[in-house]
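Notes for the one structure printed next.
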């Protein structure tokens, strides 16, 4: 189970290291982007209003829809692909700042 505090912790690490994280969901074609803030992405990769993409807050969406994959980007280059939230937290702790 992912809590709002878990998301805040990951978002803080993502911001401080200048990374971008894309969470692909099992039960939705829309995605979640973590950068400077939490945003919804359409299947085409465009930013869309959260309310039009998802019916609930991010932590509830992650739990309800399930994680298909997680991608970590540095300057639009994919640097790591993961399969669950725990792996993401561990990897973010190990990664250096994106330059």
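Let me have the 222 nm mean residue ellipticity of the chain computed from DSSP H runs of 4+ only, each contributing -39500 (n - 2.57), with the sum over all residues rounded to the nearest 500.
Values: 4 runs with 36 residues, N = 99.
Calculated mean residue ellipticity at 222 nm is -10500 deg cm²/dmol.
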Handout entry: Cα-projected label distance for residue 96 with residue 44, points at 7 Å along beta-carbon direction, nm
Key = 3.9 nm
Practice task
Round to a whole angstrom and tell me the spacing of the C-alpha centers of segment 78-92 and segment 1-54.
Solution key: 13 Å
Completion exercise
For 28-35, 53-60, ranked highest to lowest by mean beta-carbon neighbours within 10 Å, the order is 28-35, 53-60
Practice task
Describe numerically, in nm with one decimal, the distance between label points set 7 Å from Cα along Cα→Cβ at residue 1 and at residue 35.
Solution key: 3.2 nm
Practice task
Would you order 78, 95 from fewest to most other beta-carbon atoms within 10 Å of each residue's own beta-carbon?
Solution key: 78, 95
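Round to the nearest 0.05 the FRET efficiency obtained for residue 75 and residue 8 when R0 = 22 Å and r is the Cβ-Cβ distance. Present the calculation step by step, with values, prior to reporting the outcome.
Numbers: r = 24 Å, r/R0 = 1.09.
It comes out at approximately 0.35.
Rounded if a/c is under 1.5, else prolate if a/b is larger than b/c, else oblate: which is segment 25-74, with a ≥ b ≥ c the root eigenvalues of its Cα gyration tensor? Let's see the in-between values first.
Details: a/c = 1.36, a/b = 1.12, b/c = 1.21.
Judged from the Cα gyration tensor, segment 25-74 comes out rounded (a/c under 1.5).
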Fill in the blank from the handout: Per-residue Cβ contact counts at 10 Å, fewest first, order 99, 86, 39 as 99, 86, 39
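Readers should treat all values here as calculations from the given coordinates under stated rules, not as data from a laboratory. This one's a predicted model, so the numbers in the text were calculated from it and none came from an experiment. Please note: Cβ atoms are built from the backbone with ideal geometry, for glycine as well, and neighbour counts cover all protein chains shown.
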